[in-house]
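Enquirer: First the structure, which I've put down as structure tokens, then a few questions once you've had a look.
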Amino acid sequence: MNNVTIHRKRKSDLGVLELIAIALGGMVGGGIFTILGISVSMIGVFTPVAIIIGGLMAYLAAYSYIKLGVFYKDEGASYSFFKRTFPNSPFAASLVGWWVIFGYISTIALYAYTFSSYAISSFEFANNEWARKLVAGLVIVTFTFINVWSVKGMGKIEDLMVYSKLIILVVISFVLINNSQTTLPTLFKADDTSFVTILIVASLTFVAYEGFQLVINAVNNMESPEKNIPKAIYSALFIAILIYVVIALGAMLAIPFDEIIENKEYALASGAGKVLGHWGTDLIVVGALLATSSAISATLFGASRQMSVIAKDGYLPSYMIKRVNSIPVSSILTMSTFAFLLILIADLELILEFSSITFLLVSLLMAYANYKIHVQTNSSVMMTICAMIGLTLATGMIIYFEMTNQLEQLYFIAAIYLLLTLSAWAYSNKVCLLGLFKMLRMK
């Protein structure tokens, strides 16, 4: 009786509002603050169009995640879904595990890098690369401590940060639009961007939506997964798209494109300062810091639990299994460490592109897994096939862009994937050998 009571209490730690907060925390983080400058530099006034297309891709990807999440109810999420759908493919399960975990590590690095860019944007050393990296490391340490401290504490802090930042972002949007220096028709007349380039940017923006998966990682800490998983994910995606589009429109109408492009790491703060004055800059900086902070916290929360599940199955080092009061402390510390190492060796664009490719590939694999068992998950075959086609095209768009514009970055990304694939292969072989050894001993 006591065990049932404890189990129910633990599952009710996170309600619908907390789950939406976790999803929004993961999405509305590095998102608009990271991609705005890069998008405007590539496609100008069509940035909101790319954001909407990226959001539609996310909805297609989310469909399979939700169906699999409700069917399996496993906090291992992407990894566990693939492993349980293809039980005779240990290497495939291991590969998905390694890819998705390092995808989350790269997004933590992305959010921390963006946090530091805005945090020091008003100082003389704003463009000092090592100052940014140091501040990024400090914010990772801070939210590592918060996640190690308490699930309940993390949930309440996440609520406060997410809903505060949403209010601030809404205020920022209306203030920017109210201080418009031009009109959309005027901007469109001067733009001849190709549709292919818009699709490339839309593919790059996919990473701004990847946080929705974090809801599924919290399945053991939520009420009514069948209702709350789809409710939280679809609601959060709609809110994220709306926020991104409105802020992008406000920024383009109020801030000269040259300002956005020149200081793309902290474009909103830099440009708004000249348009809105000091208080406007401060408001945007606070919004950016809240957004990126909640994204770091939410990603650490969800992904560390998935990491612990993968380690328990033998596909990651065994020390990552350890939990204290149900909190995967070792996994949290490991993710934080690797995120900071990535910040030390890479720049913002490389981290963004690696994150986008990784989550597009993993989402494609989830769509394929859902297609394989669409009868059991009660899924639409048409929706699932559309998702696979869309995610494949998006991945191809980024690779094409890298091949034609930044070949060295593509080599670096390919080297990371090679290392991850070899590690996944080694651990899958280890699991197979251990399984064989146990069978021989039993005989």
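Enquirer: Could you say which residue among Ser64, Ser122, Ser116, Ser106 is outside any helix (DSSP H, G or I), farther than 17 Å from Ser308 by Cβ and in contact with a helix residue (DSSP H, G or I) (Cβ under 8 Å, 6 or more places away or on another chain)?
Expert: It is Ser122.
Enquirer: Here is a follow-up. Hey, can you tell me all the residues within segment 371-390 that are part of a helix (DSSP H, G or I), touching a Phe, Trp or Tyr at 6+ places or on another chain (Cβ under 8 Å) and in contact (Cβ under 8 Å) with a residue 12 or more places away in the chain? Please lay out each step first, then the result.
Expert: Residues of segment 371-390 that are part of a helix (DSSP H, G or I), as a first pass: 371-372, 374-377, 381-390.
Next cut, touching a Phe, Trp or Tyr at 6+ places or on another chain (Cβ under 8 Å) only: 372, 376-377, 381, 383-385, 387-388.
Matches in segment 371-390: Lys372, Gln376, Thr377, Met383, Thr384, Ile385, Ala387, Met388.
Enquirer: Which members of segment 147-165 meet the condition of being modelled with pLDDT of 75 or more and crowded, with 18+ Cβ neighbours inside 10 Å? Break it down into steps so the answer makes sense when it comes.
Expert: So in segment 147-165, the residues modelled with pLDDT of 75 or more come out as 147-148, 164.
The answer is Asn147, Val148.
Enquirer: Trp130 passes all but one of (1) in a loop (DSSP other than H, G, I, E, B); (2) over 30 Å from Trp425 (Cβ atoms); (3) without any contact (Cβ under 8 Å) to a residue 12 or more places away in the chain; (4) not basic (Lys, Arg); which number fails?
Expert: (1)
Enquirer: On to the next question. Name the residues in segment 99-138 that are hydrophobic (A, V, I, L, M, F, W, C) and surrounded by 24 or more Cβ atoms within 10 Å (Cβ to Cβ), would you? Reasoning before the result, please.
Expert: The first filter runs over segment 99-138 and keeps only residues hydrophobic (A, V, I, L, M, F, W, C), leaving 99-102, 105, 108-110, 112, 115, 119-120, 123, 125-126, 130-131, 134-136, 138.
Correct list: Val100, Ile101, Ile105, Ile108, Ala109, Leu110, Ala112, Phe115, Ala136.
Enquirer: Hey, another quick one. Step by step: first the residues of segment 388-411, then only those that are surrounded by fewer than 16 Cβ atoms within 10 Å (Cβ to Cβ) and not aliphatic (A, V, I, L, M), then the one that is nearest to Leu95 (Cα to Cα). Which residue is that?
Expert: My answer is Thr392.
Enquirer: I'd like to know if segment 73-85 contains one or more residues that are surrounded by fewer than 21 Cβ atoms within 10 Å (Cβ to Cβ) and basic (Lys, Arg).
Expert: yes
Enquirer: Before we move on, is Thr142 at pLDDT below 90, under 22 Å from the mean Cα position of the chain (by Cα), assigned to a helix (DSSP H, G or I) and buried (at least 23 other Cβ atoms within 10 Å of the Cβ)?
Expert: no
Enquirer: Enumerate the pairs (first residue in segment 194-215 and over 14 Å from Tyr104 (Cβ atoms) and in contact (Cβ under 8 Å) with a residue 12 or more places away in the chain; second residue anywhere and part of a helix (DSSP H, G or I) and among the hydroxyl-bearing types (Ser, Thr, Tyr)) with beta-carbon separation below 6 Å, excluding pairs fewer than 6 apart on the same chain, so at least 6 apart or on different chains.
Expert: Every condition considered, the pairs that remain are Val201/Ser39; Leu204/Ser356; Phe206/Ser356.
Enquirer: Here is a list: Gly250, Gly277, Gly314. Which entry is more than 21 Å from the chain's Cα centre (by Cα) and either among the hydroxyl-bearing types (Ser, Thr, Tyr) or modelled with pLDDT under 75 (or both)?
Expert: Working: Gly250 fails: either among the hydroxyl-bearing types (Ser, Thr, Tyr) or modelled with pLDDT under 75 (or both); Gly314 fails: either among the hydroxyl-bearing types (Ser, Thr, Tyr) or modelled with pLDDT under 75 (or both).
Result of the check over Gly250, Gly277, Gly314: Gly277.
Enquirer: Among residues belonging to segment 283-338 that are aromatic (Phe, Trp, Tyr), touching a residue at least 40 places away in the same chain (Cβ under 8 Å) and under 20 Å from Ala424 (Cα atoms), point out the one that is surrounded by the most Cβ atoms within 10 Å (Cβ to Cβ).
Expert: So, considering only residues that are aromatic (Phe, Trp, Tyr), touching a residue at least 40 places away in the same chain (Cβ under 8 Å) and under 20 Å from Ala424 (Cα atoms), the one surrounded by the most Cβ atoms within 10 Å (Cβ to Cβ) is Tyr315.
Enquirer: Taking segment 286-311, which residues are in contact with a Pro (Cβ under 8 Å, 6 or more places away or on another chain) and at pLDDT 85 or above?
Expert: Residues satisfying the conditions are Ser304, Met307, Ser308, Ala311.
The values are calculated or read from the model by the stated rules, or taken from the named source; none is laboratory data. Every value quoted in this text rests on a predicted model; they were computed, and no experiment measured them. Quick reminder, even Gly has a Cβ in these numbers, built from the backbone with ideal geometry, and neighbours come from all protein chains shown.
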